[in-house]
1. Using a probe radius of 1.4 Å on heavy atoms only, what accessible surface per residue do you get for the chain? Whole Å² is fine.
2. Quick one: Karplus J couplings for the range 212-218, per residue in order, coefficients 6.51, -1.76, 1.60, θ = phi - 60°, nearest Hz, x for Gly and Pro?
3. How large is ³J(HN,Hα) for each residue in the range 252-261, as worked out from phi by the Karplus curve 6.51 cos²θ - 1.76 cosθ + 1.60 (θ = phi - 60°), to whole Hz, x for Gly and Pro?
4. How many percent of the accessible area of the chain is carbon or sulfur, using a 1.4 Å probe?
5. How much solvent-accessible surface does R187 expose, in Å² to the nearest 10, with a 1.4 Å probe and all protein chains in place?
6. For the chain, what proportion of DSSP beta bridges, expressed in % and rounded to the nearest 5, is antiparallel?
7. Under the rule that an exposed site lies in a DSSP loop and has at most 14 other Cβ atoms within 10 Å, name the longest stretch of the chain with no GluC sites (Glu not before Pro) of that kind, not counting the sites themselves.
8. So, taking all protein chains as they sit and a 1.4 Å probe, how much accessible area belongs to T69, in Å² rounded to tens?
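The values are calculated or read from the model by the stated rules, or taken from the named source; none is laboratory data. Quantities reported herein were computed from a predicted structural model and do not represent experimental measurements. Ideal geometry is used to build each Cβ from the backbone, glycine not excepted, and the neighbour counts take in all protein chains shown. Surface areas here come from the heavy atoms of the whole protein model, side chains and all, with no ligands, DNA or RNA. Shrake-Rupley method; radii C 1.70, N 1.55, O 1.52, S 1.80 Å.
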Amino acid sequence: MIQVAILSNDTQLEEALRSAGLKAGRVGVDSLSTPPRGNSSPAALVVDIRGQRQLPTGLAVFRKQNPGTGIVLVASSLDPHMMLEAMRAGVTECLQDPVTPQALDQAVRRVLVDALPEQLGRVVAFVGAKGGVGTTTLAVNTAATLARAGAGEALLIDLHTGSGDASLFLGVEPRFTVVDVLENVHRLDDAFFRGVVEKTKVGAEFLGSSDRVSQSAADPQRIRALLDFAIRKYRFTVLDVSGSDVAALDALEIASSIVVVTSQELPSLRRAGRLTHALRTRYGSSQVQSVVNRFDHRAEIEQADIERAVGGTVTHMIPSDYRAAVEALI
C-alpha cells in the first residue's frame, strides 16, 4: 500500500517525496470516488491543482470515505474563495507554487502525524553537550532498562557518524549501520529493517553508527523518515546524538523527550546552556530536559550554578561513581 497518494501529472512531486523516504505513488482522479477496500486508504493525499480554478470533483466524497487521510493541496495561488472551498472539502494543508521539496515534505509529515494512531512509540534522544560527558552510557543503559523491564520492544540508534561507541558497550559488531538505512529510506519496511538491526544480549535491538561518511547522514529528512518508521514498530526508540550533529538535531521534533547531557566542567556547561536554549526555542521547554553526569557535590560549581547555566531545572544529578560507571558498561 502506498503511504502518500499524489493526484498530479508532475512527476517531481512523487520524486521529492520518495527521496525523503516516503512511499509515494500517483493516482488518477477516478480514485477519489472509489471506496477504499480493507486497509487500502493512503495516509496522505497530495492534490495538485496548479493551473486550475477549482477543486477536483470527488474530493469531498474522498474525504468522507477516508476520514483518516490527511489532504495537502498544492495551488498556483492561495485564493481566499478557493481556500474556503478546500477547507469545506477537508483539506488540512495548503501550499502555494513554487513548492520546494522541503516544504512539501514538511506539509505531508504534518498531516501524517495528525493521522497517526495514539498507540505509537516514544522517542527519547540523549544529546551530549560535548564529547566524554557520558551520553552513550546513559543512552545504552536506558535502552537496556526499557527492554529488560518488559516495556515492549526497544530500539537503540547510534547517530554518531564516524565516532559512535554504543556497539562497544553492547558487545556487538553490526553488519549494517544507520548510514545503510539512511541511504535506503525508500526501502524501509519490516523485512528490510529486520535484516539490518542487531539483536543484543540486553534485549534491545540496535542500529549502530558507521565509520563511513555519507551525505545521507547529513539529511534531516532521511533521519525523520527513519524515526517515523521506528515509532510505528517499537514502543521505545532511544537515540544517542552528538550535540554538534546539525542534521540529527534538526530531526528531533518527533522526540517525546530530548535530554541534554552535561558535566560540571565549564566548557561543557557553556555548551549545554547554548544547546538547551536552542532546542527549547525550537521544540518547546517541556520537551527538553537537562541531566548532569558525574556530579560531585564537593565541586565549586554547585547545582544552582548549573541550573543558571542551562536556564532551568536539572532533571537528574547522576553522582560521580567510577565503579558504578564501569559496571554500567554492559
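1. On the way: 16390 Å² over 330 residues.
Computed with neighbouring chains in place, this is 50 Å² per residue.
2. Ordered by residue, 3J(HN,Hα) equals 8, 7, 9, 5, 5, 6, 9 Hz.
3. For the range 252-261, the Karplus-derived couplings read 9, 5, 7, 5, 6, 9, 10, 10, 8, 9 Hz, x marking Gly and Pro.
4. 50
5. 120
6. Bridges in the chain that DSSP calls antiparallel: roughly 5 percent.
7. Formally, the longest exposed-site-free interval is 119-299.
8. Spelled out: T69, probe radius 1.4 Å, area about 0 Å².
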